[in-house]
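The next block holds one structure in the form of structure tokens; read it before the comments.
The values are calculated or read from the model by the stated rules, or taken from the named source; none is laboratory data. Note that this is a predicted model, so its numbers are computed, not measured. Don't worry about glycine lacking a Cβ; one is built from the backbone with ideal geometry, like all the others, and counts go over all protein chains shown.
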């Protein structure tokens, strides 16, 4: 459990400091990374290089990079949940606000082997894609 907590904490600290590429270096070479939801950015990514190739440029496209704030890390065995919030200005120029954000990690052999990322999909649609929520 100590290894899972240590790796999750290092990952969270790097994300919170804006060192996204360095955080993704903690991913296993064959990581499975899932962004939950039905937005155009919701996807399954396989492999550290694929994750870095997709997410580092996406994060760099923000007009004001997302600033994450760590709330809590919960660890059980080789699993860790990072609870955080985040704010920035998306590539659309619109505010990106994630008051409740979660990442579920599985740690294996000193690397993050699986990630499931949960975020407010409306915030993603608005700030990253440029779609606005309208009444049905």
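Filtered by the rule that a residue be surrounded by 15 or more Cβ atoms within 10 Å (Cβ to Cβ) and assigned to a strand (DSSP E or B), the range 45-66 gives 45, 65, 66. When the range 33-54 is filtered for residues that are within 13 Å of the chain's Cα centre (by Cα) and at pLDDT 95 or above, the ones remaining, listed by number, are 33, 34, 44, 45, 51, 52.
Within the range 15-36, residues that are at negative phi and touching a residue at least 24 places away in the same chain (Cβ under 8 Å) have Cβ atoms under 8 Å from residues that are crowded, with 20+ Cβ neighbours inside 10 Å and in a loop (DSSP other than H, G, I, E, B) in these pairs: 35/119; 36/119, counting only partners at least 6 apart in sequence or on another chain.
Tallying residues that are in a loop (DSSP other than H, G, I, E, B) and under 20 Å from residue 39 (Cβ atoms) within the range 79-119 yields 6. Taking every residue in the range 41-53 that is within 17 Å of residue 128 (Cβ to Cβ) and pairing it with any residue that is modelled with pLDDT of 95 or more and part of a helix (DSSP H, G or I), at least 6 positions away or on another chain, the pairs with Cβ-Cβ distances below 7 Å are 45/51; 51/24.
Considering (1) assigned to a helix (DSSP H, G or I); (2) surrounded by fewer than 19 Cβ atoms within 10 Å (Cβ to Cβ); (3) free of Cβ contacts under 8 Å to residues at least 60 places away in the same chain, the lone condition that residue 9 does not fulfil carries the number (3).
Return yes or no: is residue 87 loosely packed, with under 14 Cβ neighbours inside 10 Å, in contact with a strand residue (DSSP E or B) (Cβ under 7 Å, 6 or more places away or on another chain) and on the phi < 0 side of the Ramachandran plot? So residue 87 does not fit the description; no. Does the range 18-40 hold any residues that are touching a strand residue (DSSP E or B) at 6+ places or on another chain (Cβ under 9 Å) and surrounded by fewer than 16 Cβ atoms within 10 Å (Cβ to Cβ), and which are they? Of everything in the range 18-40, those that are touching a strand residue (DSSP E or B) at 6+ places or on another chain (Cβ under 9 Å) and surrounded by fewer than 16 Cβ atoms within 10 Å (Cβ to Cβ) turn out to be 18, 29, 30, 36.
What are the residues in the range 67-78 that are in a loop (DSSP other than H, G, I, E, B) and touching a strand residue (DSSP E or B) at 6+ places or on another chain (Cβ under 7 Å), if any? Correct list: 78 only. Reported count of residues in the range 54-85, each being closer than 27 Å to residue 5 by Cβ and either touching a residue at least 24 places away in the same chain (Cβ under 8 Å) or in contact with a helix residue (DSSP H, G or I) (Cβ under 8 Å, 6 or more places away or on another chain) (or both), is 19.
For residue 102, are the conditions met, namely being within 21 Å of residue 8 (Cβ to Cβ) and either at pLDDT 95 or above or exposed (fewer than 14 other Cβ atoms within 10 Å of the Cβ) (or both)? Write out each step before concluding.
Details: within 21 Å of residue 8 (Cβ to Cβ): yes; either at pLDDT 95 or above or exposed (fewer than 14 other Cβ atoms within 10 Å of the Cβ) (or both): yes.
Yes.
Taken together, the criteria place residue 14 among residues that are surrounded by 15 or more Cβ atoms within 10 Å (Cβ to Cβ) and not in a loop (DSSP other than H, G, I, E, B).
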